[in-house]
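To start, the structure under review is shown below, and the notes come after it.
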Amino acid sequence: VAELPLDGEWCAGLAFAKDGRTLATSTRNGHITVWRMPDGAKLASYSSIQSQYAFLNSFAATPDLSLAADTFSKGGIRVIDLRDGRELWTAPTKLPIVALAFSPDGKSLASAAAFGESNIRLWDVATGKEIGQLEGHSSGVWSLVFSPDGKKLISSSSDQTIRTWDMASQKCLDVLRGHRLEVWRLALLSDGKTLVSGCKDGTVCFWDTSVTHPRQARITLPAENVADWNVAPDGR
């Protein structure tokens, strides 16, 4: 359909507008460019600050491609206006950010660092202020994706799990288990419920996010020095 020249730069981010008529690309140590689809005409281009981790998920844009976010190499987030290139705000972070995601309404931004931090941070896009943290993963988070209605956020982690979060309460709603190594990438299909996850070992899993996966509480029996065990014939 089209081939867009990036002048030899490493493509570190892609984001289509919701209507499919424009595309934003971000190159490592290069530019954020807005293209018209499908003819590939260049509409605007601004300087990019993508970090050394830019080959991950450290670029995001709002569904209407009015705003974009990228990351500083030593830690920090920048949000710019893609209509005129103005820098709206920056926020320092102690660790390099490897995952960013805008909510569908463009009012919230989620960020995560895969190295040394397991919490997901939430930012108010209008002010650049941190408005919350999602706590639950036991290791770094690699990828973030919002549900179409913006009420949920889904994250994947080095702890081999995928978590679904309620944005209103900032609590974990569900945990998906099945991958055997770090879960690096997430994508939510257009039906709003089919989640695709990619793992470090090359496996790809499909999940139905319309159902939850309850886990029964662990039962501990007060016994010591157990030499053998068995189950009754009726399974109880």
Report summary line: Reported set for the range 89-113 where residues are open to solvent by 10 Å² or more (accessible area, probe 1.4 Å), part of a loop (DSSP other than H, G, I, E, B) and of a type in the set (Gly, Ala, Ser) is Gly106
**Report entry** Residue satisfying condition, being open to solvent by 40 Å² or more (accessible area, probe 1.4 Å), modelled with pLDDT of 95 or more and of a type outside the set (Phe, Trp, Tyr), within set Thr127, Thr164
**Finding:** Thr127
Report summary line: Picked from the range 53-73 (must be among the aliphatic types (A, V, I, L, M) and in a strand (DSSP E or B)), the residue surrounded by the most Cβ atoms within 10 Å (Cβ to Cβ) is Ala61
Query raised in the report: Pairs, please: C-beta under 8 Å, at least 6 apart or cross-chain, first residue touching a residue at least 24 places away in the same chain (Cβ under 8 Å) and in the range 144-161, second of a type in the set (S, T, N, Q) and surrounded by fewer than 18 Cβ atoms within 10 Å (Cβ to Cβ)?
Result: Ser157/Ser138; Ser157/Ser139; Ser158/Ser139; Asp159/Ser138; Asp159/Ser139
Report task. Quick one: in the range 4-27, of everything that is open to solvent by less than 60 Å² (accessible area, probe 1.4 Å) and part of a loop (DSSP other than H, G, I, E, B), which residue is nearest to Asp84 (Cα to Cα)? Result -> Ala17
Query raised in the report: Within the range 106-122, how many residues are over 17 Å from Gln170 (Cβ atoms) and not aliphatic (A, V, I, L, M)?
Result: 3
Requested in this report: May I ask you to list the residues in the range 48-67 that are touching a strand residue (DSSP E or B) at 6+ places or on another chain (Cβ under 8 Å) and modelled with pLDDT under 90?
Outcome: Ser48, Ile49, Gln50, Ser51, Tyr53, Ala54, Phe55, Leu56, Asn57, Ser58
Query raised in the report: Quick one: is Val196 exposed (fewer than 15 other Cβ atoms within 10 Å of the Cβ), closer than 21 Å to Thr62 by Cα, among the β-branched types (Val, Ile, Thr) and at pLDDT 95 or above?
Result: yes
Query raised in the report: Say we look at the range 74-88 and pick out the residues that are part of a loop (DSSP other than H, G, I, E, B) and surrounded by 15 or more Cβ atoms within 10 Å (Cβ to Cβ); which of these is modelled with the lowest pLDDT?
Result: Gly75
Requested in this report: Could you tell me whether any residue of the range 95-108 is charged (D, E, K, R) and under 18 Å from the mean Cα position of the chain (by Cα)?
Outcome: yes
Requested in this report: Check Asp105, Asp149, Asp166, Asp159 and return the single one that is acidic (Asp, Glu) and in contact with a Ser or Thr (Cβ under 7 Å, 6 or more places away or on another chain).
Outcome: Asp159
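The values are calculated or read from the model by the stated rules, or taken from the named source; none is laboratory data. Every value quoted in this text rests on a predicted model; they were computed, and no experiment measured them. Neighbour counts run over all protein chains shown; Cβ positions are idealised from the backbone, glycine included. Accessible surface is based on the protein model in full, side chains and every heavy atom, while ligands, DNA and RNA are left aside. Shrake-Rupley method; radii C 1.70, N 1.55, O 1.52, S 1.80 Å.
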